[in-house]
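Q: The structure under discussion is supplied below as structure tokens; questions concerning it will follow.
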Amino acid sequence: MSDEEIERAVEMGEKVGKLVGPISGGVVTIIFLLLISGIFMFVGNIILGGKTAFKKLLSVVCYSSLIGSLNSIILLPMILSKKTMEVHFSLAAFMSADASETFLYQLLNKIDLFAFWQIVVAGIGVAVIYKFTTKKSIAMVASLYIIYMIVSLAWTSIF
């Protein structure tokens, strides 16, 4: 390929990326929310013996996910001022950035103030719609988060 062809391909990629990026981000977010709601429904209905509608669980998951958006809004000015993406509200903030590839850093990065808040809010929402005790619902959501942590850490370790 000539330099001119490479330049045209890069320009085309940038144009397509500006359109496809936000659309794919939105689609992935919707799929993620639906998947999490489905997992909550499976655990709540099948394993714990409750009964509720998927729509109600989806609402709980969507509303509790807004806490993650708040996390991003608060982190953005810190990221811009420090000029690095290595800004956290997790226990990983107490470790050096050089350790970011270690297993311990990745584990501590999952123990986040906003994740804890989101677990509690989702647990309260699940308790209300399933008519479970708050303790049982928070335990369910926290258990699922711990499973997510384990799978995520394993995936990171493999790749």
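The values are calculated or read from the model by the stated rules, or taken from the named source; none is laboratory data. Worth saying up front: this structure is predicted, and the values here are computed from it rather than measured. Counting neighbours? That spans all protein chains shown, and the Cβs are built from the backbone with ideal geometry, glycine included.
Q: How many residues, within the range 116-146, are out of contact with any helix residue (DSSP H, G or I) (no Cβ under 7 Å at 6 or more places or on another chain) and more than 19 Å from Gly50 (Cβ to Cβ)?
A: Total meeting the criteria: 2.
Q: Please work out which residue is surrounded by the most Cβ atoms within 10 Å (Cβ to Cβ), limiting yourself to the range 48-73 and to residues that are of a type in the set (S, T, N, Q) and under 22 Å from Glu86 (Cα atoms).
A: In this case the residue turns out to be Asn71.
Q: Being surrounded by fewer than 18 Cβ atoms within 10 Å (Cβ to Cβ), at pLDDT below 95 and farther than 20 Å from Val87 by Cβ, is that true of even one residue in the range 104-126?
A: No; the residues of the range 104-126 include none that is surrounded by fewer than 18 Cβ atoms within 10 Å (Cβ to Cβ), at pLDDT below 95 and farther than 20 Å from Val87 by Cβ.
Q: Do we have any residue at all in the range 11-32 that's surrounded by 14 or more Cβ atoms within 10 Å (Cβ to Cβ), under 29 Å from Phe159 (Cα atoms), at pLDDT 85 or above and hydrophobic (A, V, I, L, M, F, W, C)? Full working, then the answer.
A: Our first condition is that a residue be surrounded by 14 or more Cβ atoms within 10 Å (Cβ to Cβ); within the range 11-32, this holds for none.
No, that holds for no residue.
Q: Return yes when Ala122 is closer than 23 Å to Ser69 by Cα, more than 17 Å from the chain's Cα centre (by Cα) and in a helix (DSSP H, G or I) and no when it is not.
A: Working: closer than 23 Å to Ser69 by Cα: yes; more than 17 Å from the chain's Cα centre (by Cα): no; in a helix (DSSP H, G or I): yes.
No, not satisfied.
Q: Restrict the check to the range 79-90 and report whether at least one residue is within 17 Å of Ile146 (Cβ to Cβ) and in a helix (DSSP H, G or I).
A: Checking the range 79-90: not a single residue is within 17 Å of Ile146 (Cβ to Cβ) and in a helix (DSSP H, G or I).
Q: So, one more: Out of Gly49, Gly38, I need the residue that is at pLDDT 75 or above, out of contact with any Pro (no Cβ under 7 Å at 6 or more places or on another chain) and not in a helix (DSSP H, G or I). Which one?
A: Gly49
Q: Go over the candidates Lys15, Lys56 one by one and state the one that is touching a helix residue (DSSP H, G or I) at 6+ places or on another chain (Cβ under 6 Å), among the charged types (D, E, K, R) and either without any contact (Cβ under 8 Å) to a residue 24 or more places away in the chain or in a helix (DSSP H, G or I) (or both).
A: Step by step, each of Lys15, Lys56 is checked, and only Lys56 is touching a helix residue (DSSP H, G or I) at 6+ places or on another chain (Cβ under 6 Å), among the charged types (D, E, K, R) and either without any contact (Cβ under 8 Å) to a residue 24 or more places away in the chain or in a helix (DSSP H, G or I) (or both).
Q: Considering (1) exposed (fewer than 15 other Cβ atoms within 10 Å of the Cβ); (2) over 17 Å from Gly44 (Cβ atoms), say which one Thr133 fails and leave the rest.
A: With (1) exposed (fewer than 15 other Cβ atoms within 10 Å of the Cβ); (2) over 17 Å from Gly44 (Cβ atoms) applied to Thr133, the lone miss is (2).
Q: Follow-up. Being farther than 22 Å from Phe116 by Cα, of a type outside the set (Ser, Thr, Tyr) and either surrounded by 10 or more Cβ atoms within 10 Å (Cβ to Cβ) or at pLDDT below 80 (or both) is the filter here, so list the residues in the range 78-97 that pass it.
A: Leu80, Lys82, Ala97
Q: Then there's this: Considering only the range 149-158, I want to know if a residue exists there that is within 18 Å of Leu58 (Cβ to Cβ), modelled with pLDDT of 90 or more and out of contact with any Pro (no Cβ under 6 Å at 6 or more places or on another chain).
A: The answer is no; no qualifying residue exists.
Q: Of (1) among the small types (Gly, Ala, Ser); (2) in contact with a Gly (Cβ under 9 Å, 6 or more places away or on another chain); (3) more than 18 Å from Ser137 (Cβ to Cβ), Ser64 satisfies all except one. Which?
A: (3)
Q: Same structure, new question: Quick one: is Leu104 under 25 Å from Phe159 (Cβ atoms), in contact with a strand residue (DSSP E or B) (Cβ under 8 Å, 6 or more places away or on another chain), part of a helix (DSSP H, G or I) and without any contact (Cβ under 8 Å) to a residue 24 or more places away in the chain?
A: In short, no.
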